[in-house]
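Comments concern the structure below.
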């Protein structure tokens, strides 16, 4: 039986990944400080260790990791705007946390390190769909921190022979996503507003387009990255649906009043070229966001 560590395994994407791994017979240990994750998200078949990976000692981390075949690093402080408001806390979580996990994984001879990267590394892309080789130009501390994590993965592969694989998530949605607070995304916010009979708030003109991908699809990609026969050396893979929809279009799926509010600094469009993930990981998304909204919300 394979043994896996999942950082952030009580969070949105991380908990969906833990469920997938356990379904496939993997023995899972979760490391999570519960700053944004929730205990109720934790699969009871997983071992849970409450731990802040950005401040934990290497003695503790290597003890937790000992015997693991693979580390899935999903833990992070997420979202663009909160990182602009509090860049120091985001840097500690997203940079120090990643470096600590890479170092401990290398020391404990983990076979593979799968990193949850972000499409925010592209910034304002000039080509759509956007391929992995497109130039990076992060527009926020969060985007820069997640991209720096990719570079750390590449360095650890080249210098220390730790296999690393970086999965650039586009806009995740699905069960257990935040529906309120600083870390909520647009689908979660709309869900909260519908639940509380509030108008749907749309930033700017609402014509900004996003590529939405379900968390279960991301979990499956992580699993395929673990089981792949490829030898990874910091390889990057886009994970999106391959289709972009405007926020106005998403709002139209809900029968609710709409309210336009001030814009924030964000890319005008995101759209993943997922050719590489399909070819190398044999991954292909199937969950349609409109059908999911109609069924779940």
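Readers should treat all values here as calculations from the given coordinates under stated rules, not as data from a laboratory. Remember, it's a predicted structure, so these values are computed and weren't measured experimentally. No Cβ is skipped: glycine too gets one built from the backbone with ideal geometry, and neighbour counts run over all protein chains shown.
Rg and Dmax, both from the Cα atoms of the stretch 29-75 and both in Å, are 10.8, 28. Express the Stokes-Einstein translational diffusion coefficient of the stretch 1-52 in µm² s⁻¹, to the nearest whole number, given a Kirkwood radius over alpha-carbon pairs, 10 °C and a viscosity of 1.306 mPa s. For these conditions, the coefficient is 153 µm²/s.
Note on 84, 261: ascending count of other Cβ atoms within 10 Å places them as 261, 84, the fewest first.
Using only Cα atoms, find the angle between the long axis of helix 97-107 and the longest principal axis of the chain, and express it within 0 to 90 degrees, rounded to the nearest 10. Result, in degrees: 30.
Computed log10 I(q)/I(0) for the stretch 64-147 at 0.11 Å⁻¹: -0.36, from the Debye equation with unit scatterers placed on every C-alpha and solvent omitted. Over the stretch 1-134, the hull volume per residue, using the convex hull of the C-alpha atoms, is 124 Å³.
Between helix 141-160 and the chain there is an angle of about 30 degrees, using the helix long axis and the longest principal axis of the Cα atoms. Helix 12-23 axis versus longest C-alpha principal axis of the chain: approximately 50°, rounded to the nearest ten. Quick one: Debye curve from the alpha-carbon atoms of the stretch 130-215 only, equal weights, vacuum; give me log10 I(q)/I(0) at q = 0.22 Å⁻¹ to two decimals. Taking Cα atoms of the stretch 130-215 as identical point scatterers yields -1.21. Per residue, the chain reaches -10000 deg cm²/dmol at 222 nm when only DSSP H runs of four or more residues are counted, each adding -39500 (n - 2.57).
What value does the stretch 155-257 have for Rg/Rh, both radii from Cα atoms and Rh as Kirkwood defines it?
1.11
Dividing the C-alpha radius of gyration of the chain by 2.2 N^0.38 Å, with N its residue count, gives 0.95.
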